[in-house]
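Here's the structure we're looking at; comments come further down.
Only the coordinates and a few stated rules stand behind these numbers; no lab work does. This structure is a prediction, so every number in the text was calculated from the model and none was measured. Methodologically, a virtual Cβ is constructed for each residue, glycine included, from the backbone with ideal geometry; neighbour enumeration extends over all protein chains shown.
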Amino acid sequence: MLTIKLKLRTPNNGKSQILNEYLKDFTACASWWLRKIQKDKTTSRTKLHHRYYHEARGTFNSLPSANIQCALDKAIETQRAYWKKKGNKSLPQFKSLFGCFRNDTFKIENNAVRLTVGSRKTIWLPLIIPDRFKESLNLKFGRSEVKRVRGQWYLYLTVKPEIKSDVKSENVLGVDIGVAKLAVISTPDKKINKFFSGEETRYIKNHYHNLRKKLQAKLGEGKNVYKALKRISGKEKRWTKDANHKLSRQIVNIAKDNKAVIAIENLKGIRERIKATKRVRRMLHNWNFRQLISFIEYKARLDGLCCVSIDPRGTSRKCSACGYTEKSNRKSQSRFKCSNCGLELNADLNAARNIADRALESLPSGYMLEGAGGLALPEVGLAHNLASSA
């Protein structure tokens, strides 16, 4: 499932009041369910429904039955995510107002959305739909949300994309991820060699870091500096997300043009593996690698491509030409020179080639070699599990 963020045109005072009341009631209902889940220590929908549904109907009688069930689903999803992330100290809670709608409680038609916000109560709200999202409105909808963010109303529309399955893979594209170079890609035949510079990223990250330091020095501590830092953090996250979207799209497009399986390194331990200066390591800890991986994965699947996760250990020390592996081969962050055969090239490019080679060697049974090293996937659209992504 994919989520599309659509902006709602500013509703009039009457509709704004109705929406605000619904969001307050729905958030209260979801919080109520969350407390019941934490009390009973179960996320079994069947058990919770049998124990508390009638009580919920009596407590939140302004909400339709479908929306009360949506609130239960949202609470279960939130608690399960919390239990999955081990080590959290504080229990999850809903701090901002939101409202969920099951796919049978809303309808999009003529650039507007109809929302069921009460028993026999619906409102129509005009939508701003960019051209790039118009085709997505023909897909099957899932549970969606309405939120108010910085004074603007948004519909977070969940859609189920159509996964293509008719792409024949004929190559492998190795992807090495880093900070000096955000990504370097190559193929076993060495015909594709492309670098994605991290220069702009380092500049932007340093800009926000220095801005935070100046604000803290100027304002000290307190509510004002907290709000300012939160605002800056939001801008930085949005920039990072946009950069990851653009980078992932370029990588997937290259793989699509060359009908290639995308081989990408497993992210586990990446921050410990990369050796760099204090400044670069700071950016390394701030960069959302898992988000980049998840973007590559879902965009690849939409285009009918396959992603495989590769253990990267040794790829930075192994010679992609002769296979000789030695720590001394990696002369510096960017320089690789094989002590055995004398091959000298960019270290990240060498790693990308090794990742591609390792993927080619470890493809599961069912992949058939065709002609000069081509690959035919019996079921393209199958995406092997990547490292956990946010």
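Things worth noting here:
- Three principal axis lengths of the range 2-160 [C-alpha, angstrom, descending]: 45, 33, 29
- HN-Hα J in Hz across the range 33-49 - Karplus 6.51, -1.76, 1.60, θ = phi - 60°, x for Gly and Pro: 4, 4, 5, 5, 4, 5, 5, 8, 6, 8, 10, 6, 4, 4, 4, 5, 5
- Note on ALA28 and GLU326: the extension gain reaches 101.3 nm, defined as 0.36 nm multiplied by sequence separation minus the Cα-Cα distance.
- Burial order of peptide ranges 317-327, 346-356, 35-45 (average beta-carbon count within 10 Å, highest first): 346-356, 317-327, 35-45
- Model label zone, SER62; criterion: amide N under 20 Å from point 7 Å along Cα-to-beta-carbon; scope the range 133-150: 145-149
- Annotation for ARG51 and GLN38: the two label points, set 7 Å from Cα along the Cα-Cβ direction, are 1.5 nm apart.
- Here the spin labels are modelled as points 7 Å beyond Cα on the Cα-Cβ line, and at ASN253 and THR3 they lie 2.6 nm apart.
- Checking the Cα-Cα distances for LYS95/LYS214; LYS5/LYS107; LYS181/LYS331; LYS147/LYS205; LYS41/LYS230; LYS5/LYS160 against a 24 Å cut-off, the pairs over it are LYS95/LYS214; LYS147/LYS205; LYS41/LYS230.
- The range 1-124, dipole about Cα centre (Lys/Arg Cβ +1, Asp/Glu Cβ -1), debye to the nearest 20: 460 debye
- Chain lengthening between GLU162 and GLU200 when straightened (0.36 nm per residue, less Cα-Cα): 10.2 nm
- With the simple model of a label 7 Å out from the Cα in the direction of the Cβ, LYS190 to ASN13 spans 7.4 nm.
- Partner aspartates and glutamates whose Cα lies under 19 Å from the Cα of LYS190, excluding those fewer than 8 positions away in the same chain, are identified as GLU170, ASP176, ASP257, GLU265, GLU344, ASP348, ASP357, GLU361, GLU370.
- R0 of 25 Å, Cβ-Cβ distance ASN110-LEU302: FRET efficiency to nearest 0.05: 0.40
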